[in-house]
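Enquirer: My questions will all concern the structure given below.
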Amino acid sequence: MRALLIYPVFPPTFWSYEKILELVDRKVLLPPLGLITVAAILPQEWEFKLVDRNIRNVTEAEWEWADLVILSAMIVQKKDLIDQIHKAKRRGKIVAVGGPYPTSVPDDPQDAGAYFLILDEGEITLPMFVEALQRGETSGTFRTTEKPDVSQTPIPRYDLLEFDAYDSMSIQFSRGCPFQCEFCDIIVLYGRKPRTKTPAQLLKELEYLYQLGWRRGVFMVDDNFIGNKRNVKLLLKELKVWQAEHQYPFRFNTEASVDLAADQELMDLMVECNFDAVFLGIETPDEESLQLTKKFQNTRTSLTDTVDKIIRAGLRPMAGFIIGFDGEKKGAASRIIKFVEEAAIPTAMFGMLQV
Ligand code: SF4
């Protein structure tokens, strides 16, 4: 089977960093970690090609080569996902889709004509898809409520990527988050019990990236890297040694909940492993909005003190803010700006909450 993996285009937004990428001579911030994990889970006797449409178009030769086209997308990639489904169908290919957007809104890709919907987590649903193909089926939807053990997930196929186009590589240690912020789809997709890989497994992934020649930043994509503090400390203790032995080839960034500031040992370990920036979901300094959205962990201590502790530990906070909470009082943006200035946050990102 010849499988062509296509990653649809992201429209330009505040988060796509086009201008910064021009300065560092790269085309895209991060690679499609989901698709290269899919390639690792599918039968390895299959042949794979990957086209990230944020880098370039699919060539006619690639369309012709493929028996099967697999697409993965987030909701912002909706338009190009639908376009690529149509293109693949016009060329008579088997079309399968998965990822967060089809998992959350399966009707859209189905209406666009995708034959197979491989939803939820691929460790469980991709084998169902392969079995369906082996039975000669030509369509199907594969779902599960089970959460796979990610310590069994194979090393992503980083070899399929065009390395020179990316600013950073992506790697994943855990899925899931113990908190319950009501606007967040992570806990819907991955659950509230963080599942982690083993330290040895993650080091193998890093070793693979190292062997392939990668020497730039690595983004630990976990939505909350410190969701399981015990396991993350076990990882960091081994990562610290690996980084020193390899002369610190990677600089890490990640995302964490603000309770990071309450754990000095954890912050120190991150700095020792060469973690640089950490994205914090501050959301708003308005306590009523934090209570309303069940972001209780942000109300337990002063957010200014929290940011200060993280900076003093040696990590650079990037803070995410949300405008548009239900019942938001007038002047929310001004209060956020005042907070960012008082807390001396170097990078603040804004997102507008939408239905
Ligand atoms: S802490 Fe972050 S990842 Fe966890 S539920 Fe809240 S918004 Fe989602």
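The values are calculated or read from the model by the stated rules, or taken from the named source; none is laboratory data. Everything numeric here is computed off the predicted structure, so don't read it as measured data. Using ideal geometry, Cβ is built from the backbone for each residue, glycine included, and neighbour counts are taken over all protein chains shown. Areas reflect the complete protein model, heavy atoms only, side chains present, ligands, DNA and RNA absent. Shrake-Rupley method; radii C 1.70, N 1.55, O 1.52, S 1.80 Å.
Enquirer: What list of ³J(HN,Hα) couplings, whole Hz, do you get for segment 309-315 from phi and the Karplus terms 6.51, -1.76, 1.60, once you set θ to phi - 60° and write x for glycine and proline?
Expert: For segment 309-315, the Karplus-derived couplings read 5, 5, 5, 5, 6, x, 10 Hz, x marking Gly and Pro.
Enquirer: Each residue of segment 233-243 in order: what ³J(HN,Hα) in whole Hz does its phi give by Karplus 6.51 cos²θ - 1.76 cosθ + 1.60, θ = phi - 60°, with x for Gly and Pro?
Expert: So the J values, rounded to whole Hz, are 5, 4, 4, 4, 5, 7, 5, 4, 5, 4, 4.
Enquirer: Between V271 and F163, what length comes free when the chain is fully extended (0.36 nm per residue of separation minus the Cα-Cα distance, one decimal in nm)? If you can, show how the numbers build up before the last one.
Expert: Numbers: separation 108, 0.36 × 108 = 38.88 nm, distance 2.60 nm.
Taking 0.36 nm per residue and subtracting the Cα distance, the gain is 36.3 nm.
Enquirer: Which trypsin sites (Lys or Arg not before Pro) in segment 240-299 sit in a loop by DSSP (not H, G, I, E or B) and have at most 14 other Cβ atoms within 10 Å of their own Cβ? Walk me through the numbers on the way to the answer.
Expert: Numbers: sites: K240, R251, K294, K295; in loops: K294, K295.
Passing both the DSSP loop test and the Cβ count: K294.
Enquirer: Moving on to the next point. Considering the Cα trace of the chain, what is its radius of gyration and what is Dmax, both in angstroms?
Expert: 20.8, 63
Enquirer: Still on this model: Largest first and to the nearest Å, give the Cα extent of segment 167-352 along each principal axis.
Expert: Taking the Cα atoms of segment 167-352, the three principal extents are 53, 32, 29 Å.
Enquirer: How large is ³J(HN,Hα), in whole Hz, for each residue of segment 85-97 in order, when computed from phi with the Karplus curve 6.51 cos²θ - 1.76 cosθ + 1.60 and θ = phi - 60°, using x for Gly and Pro?
Expert: 4, 4, 4, 5, 5, 4, 8, x, 8, 6, 10, 10, 10
Enquirer: Next up: Which of P100, P178, P31 moves most in a GNM of the chain, Cα contacts under 10 Å?
Expert: Greatest mean-square fluctuation among the candidates belongs to P178.
Enquirer: Cross-link candidates for K329: which lysines have Cα within less than 16 Å, leaving aside residues fewer than 8 places away along the same chain?
Expert: K329 reaches K338.
Enquirer: Only helical DSSP H runs with n ≥ 4 go in: add -39500 (n - 2.57) per run for the chain, normalise by residue count and round the 222 nm mean residue ellipticity to 500 deg cm²/dmol. It would help to have the intermediate numbers written out before the result.
Expert: Numbers: 14 runs with 130 residues, N = 355.
Helices in the chain give a 222 nm mean residue ellipticity of -10500 deg cm²/dmol.
Enquirer: Want the number for Q152 to L292: 0.36 nm per residue separation, take away the alpha-carbon distance, what's left?
Expert: Values: separation 140, 0.36 × 140 = 50.40 nm, distance 3.76 nm.
Full extension from Q152 to L292 adds 46.6 nm.
Enquirer: Oh, and also: Roughly how many nanometres apart are two label points built 7 Å out from the Cα toward the Cβ at H86 and E47?
Expert: Distance between the two pseudo-spin positions: 3.0 nm.
Enquirer: Additional query: I'd like to check one number: the per residue accessible area of segment 167-352, probe 1.4 Å, reported in Å² as a whole number.
Expert: Details: 8300 Å² over 186 residues.
That works out to 45 Å² per residue.
Enquirer: Now for a different question. log10 I(q)/I(0), Debye, Cα-only segment 2-142, no solvent, q = 0.12, 0.18, 0.21 Å⁻¹?
Expert: Results for segment 2-142 at q = 0.12, 0.18, 0.21 Å⁻¹ read -0.46, -1.02, -1.36.
Enquirer: Right, here's the next one. Estimate the FRET efficiency between E207 and M349 by the formula 1/(1 + (r/R0)^6), using the beta-carbon distance for r and 35 Å for R0, to the nearest 0.05.
Expert: On the way: r = 32 Å, r/R0 = 0.92.
Given R0 = 35 Å and the Cβ-Cβ separation, E is 0.65.
Enquirer: Explain nothing, just the number: dipole magnitude of the chain about its Cα centre with +1 on each Lys and Arg Cβ and -1 on each Asp and Glu Cβ, in debye rounded to the nearest 20. Mind showing how you got there, number by number?
Expert: Details: 42 positive and 51 negative charges, 10 e Å.
In debye, rounded to 20, the chain gives about 40.
Enquirer: DSSP loop GluC sites (Glu not before Pro) in segment 43-108 with at most 13 other Cβ atoms within 10 Å of their Cβ, which ones? All intermediate terms of the calculation are to be shown ahead of the outcome.
Expert: Values: sites: E45, E47, E60, E62, E64; in loops: E45.
Answer by residue number: E45.
Enquirer: Could you check the spin-label model distance between E245 and K330? Points 7 Å from the Cα along Cα→Cβ, value in nm.
Expert: Result: 6.2 nm between the two label points.
Enquirer: With a cap of 16 neighbouring Cβ atoms within 10 Å, and only residues DSSP puts in a loop, list the GluC sites (Glu not before Pro) found in segment 128-236. Don't jump to the answer; show the numbers that get you there.
Expert: Details: sites: E131, E137, E146, E162, E182, E205, E207; in loops: E137, E146, E162, E182.
Passing both the DSSP loop test and the Cβ count: E137, E146, E162, E182.
Enquirer: Per residue, how much accessible area does segment 2-142 show when a 1.4 Å probe rolls over the protein heavy atoms, in square angstrom? Working shown, then result.
Expert: Details: 6550 Å² over 141 residues.
That works out to 46 Å² for each residue.
Enquirer: Using 0.36 nm times the number of residues separating V188 and W65, minus their current alpha carbon distance, what extension gain do you get?
Expert: Numbers: separation 123, 0.36 × 123 = 44.28 nm, distance 3.68 nm.
Net length gain for the segment: 40.6 nm.
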